[in-house]
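For reference, the structure is listed below as structure tokens.
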Amino acid sequence: MLGRRSFGRLSLGGLIAAAALAFTSVAVSATSSVITLSGSEFYATPTNASGDSTGYFAGTATTSTTSGMWMAAVDHGPLPTDLYCTGVINSGNFSLALANGSQVSGTLATTSTTTMPSGSSSTCGSSLPTSPNSGITLTSNSSCSSRPWVVTTQTFEVYDKLASLSGSGAAGYTSGIVEVTLTHYQMKIWGSCQTIGASVAGTLTLSS
């Protein structure tokens, strides 16, 4: 989600083509309201003058009876740099397809930025809130190592509502909650800390 990231850009066309093929052959089950998600960020747009960027994600989706894949695009504001601070999600979309032949898609809600201080992280609290903040919350932050080729991580809790549900698997559901952990893998390259990859894991919960 950081504009300086360049991972996956050389293979963006191939990833989109593969995802398109997969969506034609797999499709979400309305029999389960909780779907487990895992995957990675395969592209991020450069950060604009306002600090906004769009991350593109894809991965596998599983229920107790079937599996398939999901894709998402998340347009977000500047990512928090202070622990337990929360950044805004401007907009986005999410699509899910499982092998039982049904599909669900929806739009991500715009969240409010209420905890993005420029000073001490203490203004954001000393621990993760019991109820997740809507948006992107920094939950751990390991600084880049000064040693070469040593990978460290940042983790974010991403929480947002999914609305305007459509697709053959959306019958009976009116909304959803996407709640995933985003992990950035970072390494010092030419003296600068760079994000070299990102993974996600969590759930989509559909409700009526």
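FYI, it's all coordinate maths here, none of it is from the lab. As the structure is a prediction and not an experimental result, all values here were calculated from the model. Positions of Cβ are backbone-derived with ideal geometry, glycine not excepted, and every protein chain shown enters the neighbour counts.
A few points about this structure:
- Selection within segment 132-190 - charged (D, E, K, R) and within 20 Å of Gly92 (Cα to Cα): Glu157, Asp160, Lys161, Glu179
- Taken residue by residue, segment 148-159 has at least one member that is of a type in the set (Phe, Trp, Tyr) and closer than 19 Å to Ala72 by Cα.
- Residue selected from segment 162-188 under the condition buried (at least 20 other Cβ atoms within 10 Å of the Cβ) and β-branched (Val, Ile, Thr), by the criterion nearest to Ser102 (Cα to Cα): Val178
- Restricting segment 139-161 to residues that are assigned to a strand (DSSP E or B) and either within 13 Å of the chain's Cα centre (by Cα) or at positive phi (or both) leaves a set whose member that is surrounded by the most Cβ atoms within 10 Å (Cβ to Cβ) is Val158.
- Just one of the listed residues (Thr174, Thr155) is closer than 26 Å to Cys124 by Cβ and not charged (D, E, K, R), namely Thr155.
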